[in-house]
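Working notes, beginning with the structure itself.
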Amino acid sequence: MDKEIKTIRGVRDLLPEELEKWQFAEEKAVSLFKSFGFEEIRIPIIEEAALFQRSVGTYTDIVQKEMYIFSDKKGRVIALRPEATAGVVRAYIEHRMFDVKKIHKFYYSGPMFRYDRPQKGRYRQFYQMGVEIFGGENGFYDGEVILLLDKFISSIGFKDYIIEINSIGCNKCKPIYTEKLSNYLSENLSSFCNDCKIRAQNNVLRVMDCKNQTCQQILKDGPNINDFLCQDCKQHKEQTYQYLKIFSIPYKENPYLVRGLDYYTKTVFEVKISGEENSVAGGGRYDNLVDQLGGPCIPAVGFAIGMDRICEILKNPEKKDRIIWVVFLDEKSFAEGIPIIDKLRKKNIKIIIDYDKRSLKNYLKIVNKQKIEEVFILGENELSQKSFLYKNMKNGTQQLIHFNDITTFFGENL
RNA sequence: GUGGCUAUGGUGUAAUGGCAGCACGAGAGACUGUGGCUCUCUUAGAGCGGGUUCAAAUCCCGUUAGCCACCCCA
């Protein structure tokens, strides 16, 4: 035998049993998104690498360390998408959608790629579902995407979770605050942990959510983002919170919440399931990104859900599909039974035929093992009466059903 | 990217350098038109590569993968 080939590091197969909850969650999300007027958009998995450098940020970890990047045969520098927002914005601009109407609402779903060190809930190919709203400046839109996220999380059965929210300012006030914080850091640099010393140079804001107790203590006396928000940002923040109250969404303001992508402005938020280490969803507003990627100045807000993390916590839903196992005992029964059985498929009943010429006993054994509850048996005896023998494996009862009555039988029993 | 832990049939596990065993699962069968219980048989295993040794699942080195903490993020 030749050497077996296995999945490469950090990626995995999702097998049928596991996928039941994935499908459950995905269906919930899609119907919810649609009910709010969001439309699906599908964007490529590969893009010009520059797209992510210009949006996510050249100095973020995602772009610097975690991006799958390669040259194609013509020497173009291509990246596997590490997230979807950049691509959606690119598409939005490329198709001049802003010329069609003011507000656009999109949802997407698919795999993303980051060259991270794998761990539970952290994969190199992972799946995100998310939404983006373009053209809405008002805090209402921030509120609406958070409402949507909240509805999704609760609709799949989670009760114990927190939505954390913060404002990190805009073009005008974010740099002022960043500089203040930077100064404060250099004054006290020796007291901070080694990681923070590095952050102070590359990504100052990230110091804020350091887990080190000492760092947090020092930060308490440092500049607070809330004191530096400009008038516009303050107002937007109040507006957003107002809508959250109207939608009655419980949230927790966390002044230390910052996010690792450069494009965020004003509102940022995350969802944490209690007892879980990783956050399962995150998002925020990005009012400058469309402009930055070559489009007009159009504000936007959105979020992404980490489906792998959601499904890791989720239990498989109860199976409720009706499955009928059909047993044919001879050739003649098979020939006559197949067209009738096919009528049932048209009625959305799942039909499994295993025509392996076994004994009835063995058929039933198989059916029992697979925990299938209903069986049709067709052999000489039944055929002479133009009927199927219907057997319920759960209570052992059985009855003859005439060929002509078969669809009505299921009409009554559905 | 840094540090640590782990690795035996499909799954869960046992064997303290000396014959790789058990349970579950899976397949076939024990009245060829009636399953679940029981019984019989079958199936299949040391991640990979080196080293030490008469002898390695066991000790050593490397590697790969998973997990944990960090980092980062979904």
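The values are calculated or read from the model by the stated rules, or taken from the named source; none is laboratory data. Keep in mind that this is a model prediction, so the values were computed, not measured. Here the Cβ positions follow ideal geometry from the backbone for every residue, glycine too, while neighbour counts run over all protein chains shown. Remember, those area values only see protein heavy atoms, side chains included, never the ligands or the DNA or RNA. Shrake-Rupley method; radii C 1.70, N 1.55, O 1.52, S 1.80 Å.
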Taking the Cα centre of chain A as origin, work out the dipole magnitude from +1 charges on Lys and Arg Cβ and -1 charges on Asp and Glu Cβ, in debye rounded to 20.
-> 440 debye
Can you give me the relative contact order of the stretch A:173-222 as a percent, contacts being Cα pairs under 8 Å and 6 or more apart?
-> 36 percent
In this structure, among A:Lys6/A:Lys272; A:Lys21/A:Lys371; A:Lys332/A:Lys361; A:Lys102/A:Lys174, pairs with alpha-carbon gaps over 23 Å are A:Lys6/A:Lys272; A:Lys102/A:Lys174
For chain A, alpha-carbon Rg and Dmax in angstrom = 28.1, 95
Percent RCO, i.e. relative contact order, over chain A, from Cα pairs under 8 Å lying at least 6 residues apart = 16 percent
Percent relative contact order for the stretch A:73-150, counting Cα pairs under 8 Å at least six residues apart, stands at 27 percent
Taking A:286-293, A:36-43 and ranking on average Cβ neighbours within 10 Å, highest first, one gets A:286-293, A:36-43
For A:Lys197, counting only aspartates and glutamates whose alpha-carbon sits under 18 Å away and dropping same-chain residues fewer than eight positions off, the answer is A:Asp61, A:Glu179, A:Glu187, A:Asp209, A:Asp221
Accessible area of chain A divided out per residue, in Å², using a probe of 1.4 angstrom | 54 Å²
Straight-distance crosslink candidates among lysines, where the alpha carbon sits under 17 Å from A:Lys245 and sequence neighbours closer than 8 are dropped = A:Lys151, A:Lys234, A:Lys237
Quick one, can you get me the convex hull of the C-alpha atoms of the stretch A:323-413 expressed as volume per residue in Å³?
-> 90 Å³
Per-residue ³J(HN,Hα) for the stretch A:87-97, Karplus 6.51 cos²θ - 1.76 cosθ + 1.60, θ = phi - 60°, Hz, x for Gly and Pro = x, 5, 4, 4, 5, 4, 6, 4, 9, 6, 5
With point charges of +1 on the Cβ of Lys and Arg and -1 on the Cβ of Asp and Glu, referenced to the Cα centre of chain A, which listed residue (A:Tyr177, A:Gly275, A:Gln235) lies farthest in the positive direction of the dipole?
-> A:Gly275
State the answer as a single residue: which of A:Phe334, A:Thr407, A:Gly396 lies farthest towards the positive end of the charge dipole of the stretch A:323-413, with beta carbon charges of +1 for Lys and Arg and -1 for Asp and Glu, about the Cα centre.
-> A:Gly396
Ellipticity estimate at 222 nm from DSSP helix runs (n ≥ 4, -39,500 (n - 2.57)) divided over chain A, nearest 500 | -11500 deg cm²/dmol
Give the carbon-plus-sulfur fraction of the accessible surface of the stretch A:173-222 in %, rounded to a whole number; probe 1.4 Å, heavy atoms of protein chains only.
-> 44 percent
At what distance in angstrom do the alpha carbon centres of the stretch A:1-56 and the stretch A:342-414 lie from each other?
-> 38 Å
Given A:396-404, A:144-152, the highest-first ranking by average Cβ count within 10 Å works out to A:144-152, A:396-404
Amide hydrogen neighbours beyond the local backbone of A:Lys266, cut-off 5 Å, H modeled = A:Ile168, A:Gly169, A:Cys170
